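Heads up: the structure comes next, in structure tokens.
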Amino acid sequence: MESADLAACGALLAERHRRHRMAEPLLSARFCAVDAALRELTATFETTGASGAVALRDAVPVGFVLGAPKSSPVWGPNVWVEAAGQAVTDAEVIRDLYAAAATRWVAEGRTAHYVLVPAHDADLVRAWFRLGFGQQQAHAVMPAVRTRTAEVAGLTVRLAVRADIPALAELDLELPRQHGSSPTFSPGVLSTVEENLAEWEEGIADAGLATFVAESEGRVVGSAIGCALEKSGTHLGLARPDNAGFLGFAAVFPHARGRGAGRALGEAVIDWAVDSGFDSVVTDWRVTNLLASRTWPALGFTESFLRLHRTVAT
């Protein structure tokens, strides 16, 4: 892929996003405009290490794929095809594009491949599956509408206070611990309670975060955090709805799971988003996290993008 290809590929991206919004109207309308889509594509193209491929039919571009590496060691020697990194007129074309682009990626030693695919496009998702990819993560959105679920007996959800910091520091470890167990097997980098305590000493006063705790029999059993989506480093560009709140974290101690605490915490963040004037709420989850992948859709979240993953054995 070369700079001369960007204008035509930007038009393909804008058309892809237009079709995506027909299925998910909460996504931003801005990127249906070619100039806005082109800016996102250009920014990706100018990322250090970016490379990809363009498919032509009768000298006219009919698709592209564009990826770039991330420096975090969590992801391995990687390439990411983000939300602005692909568009095709025919889903099957993506398989030829990947074959061309991945030749270079693997030659460079980048064997962990991640791709963000519009969730509504079943043909495109299937084409990636037929390239050996599987779903790792779900990105999802819902309208900011107040919840009306009955209260859970014996459970109180409230805003966190400074006295909750020890419990919050412990709860910060629960999500990576859960991800490290079956069937997710992906703990990431684990922090320590001491590191979490130090962060919460400052973070508890952050007006940009809405931190909730669930309390049962006088003890904190879970927590959740809401904030503006702009604070997220994951939901960017075409994957970022306008004026959206973000359910960025939720965890419940193992002994308290299965009683509705996670759902109650999610509802608290959604209601906070409504009160804060957001139009929608965004979240994401590992699809192998059995609790999250059942709780968040039950609250009304629908998948907007799927993160797919493949590791190439060399």
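The values are calculated or read from the model by the stated rules, or taken from the named source; none is laboratory data. As the structure is a computational prediction, the values presented were derived from the model and not from experiment. Because the Cβ atoms are built from the backbone with ideal geometry, glycine has one as well, and the counts that use them run over all protein chains shown.
Points to keep in mind about this one:
- Applying a threshold of 7 Å to beta carbon distances and a minimum spacing of six or more residues, or different chains, the list of pairs starting in the range 191-220 at a residue that is more than 20 Å from residue 154 (Cα to Cα) and ending at one that is acidic (Asp, Glu) reads 191/172; 193/170; 196/172.
- The lone exception for residue 84 - which of (1) under 15 Å from residue 5 (Cα atoms); (2) surrounded by 15 or more Cβ atoms within 10 Å (Cβ to Cβ); (3) free of Cβ contacts under 8 Å to residues at least 40 places away in the same chain it fails: (3)
- Residue in the range 286-295 that is in a helix (DSSP H, G or I), touching a helix residue (DSSP H, G or I) at 6+ places or on another chain (Cβ under 6 Å) and under 23 Å from residue 159 (Cα atoms) present: yes
Quick grid of which residues meet (1) closer than 20 Å to residue 263 by Cα; (2) outside the structural domain of residue 22 (by TED's automatic domain parsing):
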{"position": "105", "(1), (2)": "no, no"}
{"position": "109", "(1), (2)": "no, no"}
{"position": "128", "(1), (2)": "no, no"}
{"position": "137", "(1), (2)": "yes, yes"}
{"position": "148", "(1), (2)": "yes, yes"}
{"position": "163", "(1), (2)": "no, yes"}
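- Among the candidates 6, 27, the residue that is over 21 Å from residue 133 (Cβ atoms), of a type in the set (A, V, I, L, M, F, W, C) and not in a helix (DSSP H, G or I) is uniquely 27.
- Meets criteria (of a type in the set (Gly, Ala, Ser) and more than 21 Å from residue 213 (Cα to Cα)) for residue 262: no
- One residue from 97, 116, 159, 124 being surrounded by 20 or more Cβ atoms within 10 Å (Cβ to Cβ), under 22 Å from residue 246 (Cα atoms) and not charged (D, E, K, R): 116
- Candidate set: the range 29-66, residues that are under 19 Å from residue 105 (Cα atoms) and among the polar types (S, T, N, Q); chosen: the one surrounded by the fewest Cβ atoms within 10 Å (Cβ to Cβ): 48
- Residue in the range 80-88 that is at pLDDT 95 or above, within 21 Å of the chain's Cα centre (by Cα) and either among the polar types (S, T, N, Q) or part of a helix (DSSP H, G or I) (or both) present: yes
- Complete set of residues in the range 15-54 that are over 17 Å from residue 117 (Cβ atoms) and either among the small types (Gly, Ala, Ser) or not assigned by TED's automatic domain parsing to the domain that holds residue 87 (or both): 28, 29, 33, 36, 43, 49, 50, 51
- Hey, residue 275 out of contact with any Ser or Thr (no Cβ under 6 Å at 6 or more places or on another chain), touching a residue at least 40 places away in the same chain (Cβ under 8 Å), among the charged types (D, E, K, R) and farther than 19 Å from residue 167 by Cα or not: no
- Check on residue 194, surrounded by 12 or more Cβ atoms within 10 Å (Cβ to Cβ) and either more than 18 Å from residue 265 (Cβ to Cβ) or in the same structural domain as residue 253 (by TED's automatic domain parsing) (or both): no
- Residues that are under 25 Å from the mean Cα position of the chain (by Cα) and exposed (fewer than 14 other Cβ atoms within 10 Å of the Cβ), drawn from the range 162-177: 177
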